[in-house]
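These notes are about the structure you will find just below.
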Amino acid sequence: MKAAVCTKYGPPEVLQIKEVETPVPKAKEVRIRIRATTVTGSDILVRGFMLTGWMGLLGRLALGITRPRDPILGFILAGEIESVGRDVKRFKVGDAVFGTTLKTPMRPRPGTYAEYKCLPEDSALLAMPANITFEQAAAIPYGSAIALHFLRKGGIRADTNLLVYGASGAVGTAAVQLGRHFGARVTGVCSTGNLELVKSLGAHAVIDYTSEDVTAGKARFDLVLDSVPSVKAERSALRERCHKILSPNGRHVDIDDGRPDMGVASLTLLQGLVEAGKFRPVIDKVYPLEHIVQAHRHVETGHKRGNVIVTL
């Protein structure tokens, strides 16, 4: 099968398209013919190995010393069940599915930058909503599940005055829509070019951070969700000044604050919202697998709108 292989840690060019052995499903596994995957911030961190100090040491022990121990990156997939192990009962050949390998019975299993992937049938896989494409399905599990986890962690409820900082990214576009779903009043913070996108997702108000400092205003928020990743810390004024805009019992939640739950329960809620037409997966660009280097370059700029998808 064809796959994008990470030959060593480094810039996007370390990713190379190669022919590798097609995996064979075990008794309780399914083999998925992947049609679309997502280039996530986690992929960028693993490929570039941006950890330093003691975190870098621990990271190399966990991931691999000079290159990833699992050379095929990618944690998100949408595709079709191509074959099943003899003991599989949950899925059948031909089922269209989407999900993530970040929530598996044993450990995360990267490997979705490939035409085929084997996973245990009790992994975070669900039937794909019939009203979307494989590309749209691949845009659901990562940012949306992260947004859902941290909104819940922040105590989101119907009367919450919510501020989403970084409202045009994969997490932010999901957080705006999920905030509306939970009945919150949503304010999104983004750049000038993304104002209309965030408005179209249901934000009650949108603030252009290039011309207005939200932390200098009089508005107070019950929950501030900072969806800007740590590698872009310089862009998040809320990291230091969020206390100025919080209500007396308000909370500031950072997406780097703990490991989010990306299991079946979260995906089931998202699946239902998509099927009901109440959630729209946002896609910035779609690249073929052969252009995986360009896809990584684009994500690495930090200026993507929603998700970057790779098709196979």
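Nothing in this text is a laboratory measurement; each read-out follows from the coordinates by a stated rule. Keep in mind that this is a model prediction, so the values were computed, not measured. Cβ coordinates were reconstructed from backbone atoms using ideal geometry, including for glycine residues, and neighbour counts include every protein chain displayed.
For the chain, find the longest principal axis of its Cα atoms and tell me its angle to the long axis of helix 170-181, 0 to 90°, nearest 10.
That helix lies at roughly 60 degrees to the long axis.
Before anything else, pin down the relative contact order of the chain: Cα pairs under 8 Å, at least 6 apart, normalised by residue count, whole percent.
Working: 715 pairs, mean separation 62.1, N = 312.
20 percent.
Could you work out the pair-distance distribution P(r) of the range 85-149 from its alpha-carbon pairs, with 5 angstrom bin width and percents rounded to whole numbers?
3, 15, 26, 27, 20, 7, 2, 0
Which of 1, 262 comes first, and how do the rest follow, when ranked by fewest Cβ neighbours within 10 Å?
With the sparsest Cβ surroundings first, the list reads 1, 262.
For residue 8, go through the lysines and keep the ones whose alpha-carbon is under 28 Å away, minus same-chain ones fewer than eight residues off.
18, 103, 117, 232, 285, 304
Taking neighbour Cβ counts within 10 Å as the exposure measure, how do 109, 33 sort from fewest upward? Can you show the working numbers first?
Working: 109 20, 33 15.
The order, fewest Cβ neighbours first, is 33, 109.
Just grab the label-to-label distance for residue 210 and residue 70, each label 7 Å out from Cα along the Cβ direction, in nm (one decimal).
If labels sit at residue 210 and residue 70, their model points lie 3.8 nm apart.
I need the trypsin sites (Lys or Arg not before Pro) found in the range 262-297, filtered to DSSP loop residues with at most 16 other beta carbons within 10 Å of theirs. Don't skip to the answer; put the middle values down first.
On the way: sites: 278, 285, 297; in loops: 278.
When the trypsin sites (Lys or Arg not before Pro) of the range 262-297 are filtered for loop state and at most 16 Cβ neighbours within 10 Å, 278 remain.
Note the angle between two axes, namely the Cα long axis of helix 264-275 and the longest principal axis of the Cα atoms of the chain, as a number of degrees from 0 to 90, rounded to the nearest 10.
The two axes meet at around 70 degrees.
Given only helices, namely DSSP H runs of n ≥ 4 each adding -39500 (n - 2.57), what is the per-residue ellipticity at 222 nm of the chain, to the nearest 500 deg cm²/dmol? Don't skip to the end; give the middle numbers.
Details: 9 runs with 80 residues, N = 312.
Per the formula, -7000 deg cm²/dmol.
Evaluate 2.2 N^0.38 Å with N set to the residue count of the range 143-254, then give the Cα radius of gyration divided by it.
Working: Rg = 12.2 Å, N = 112, 2.2 N^0.38 = 13.2 Å.
Rg over 2.2 N^0.38 Å, computed on Cα atoms: 0.92.
Using a Gaussian network for the chain with springs between C-alpha atoms less than 10 Å apart, which of these wobbles most: 12, 141, 248?
Most flexible of the set in this elastic network: 248.
Could you work out the local net charge near residue 88, counting Lys and Arg as +1, Asp and Glu as -1, over the other residues with Cβ closer than 11 Å to its Cβ?
On the way: positive: 26, 28, 31, 86, 89, 90, 92; negative: 29, 87, 95, 121, 122.
In short, +2.
Work out the P(r) tail for the range 181-312: percent of alpha carbon pairs separated by more than 26 Å, whole number.
On the way: 2830 of 8646 pairs.
Tail fraction, whole percent: 33.
Can you find, among 167, 291, 250, the residue farthest towards the positive end of the dipole of the chain? Put +1 on the C-beta of Lys and Arg, -1 on that of Asp and Glu.
Projecting each Cα onto the dipole axis, the largest value belongs to 250.
Where does the chain land on the Kirkwood hydrodynamic radius, alpha-carbon pairs, in angstrom? Mind showing how you got there, number by number?
Working: mean 1/r = 0.0503 Å⁻¹.
In the chain this quantity evaluates to 19.9 Å.
Arrange the following residues from fewest to most other Cβ atoms within 10 Å of their Cβ: 91, 75. Can you show the working numbers first?
Values: 91 15, 75 26.
Going from sparsest to densest Cβ surroundings: 91, 75.
Quote the FRET efficiency, to the nearest 0.05, computed for residue 264 versus residue 219 with a Förster distance R0 of 45 Å and r equal to the Cβ-Cβ distance. Before the final figure, lay out each step's value.
Details: r = 37 Å, r/R0 = 0.82.
E between residue 264 and residue 219, to the nearest 0.05, is 0.75.
Got a sec? Charge dipole of the chain, +1 on Cβ for Lys and Arg, -1 for Asp and Glu; which of 207, 149, 111 is way out at the positive end?
The listed residue farthest towards the positive side: 149.
Tally Lys/Arg at +1 and Asp/Glu at -1 over every other residue whose Cβ is under 12 Å from the Cβ of residue 1; what's the total? It would help to have the intermediate numbers written out before the result.
Details: positive: 2, 18, 31, 33, 117; negative: 19, 21, 82, 115.
Its environment carries a net charge of +1.
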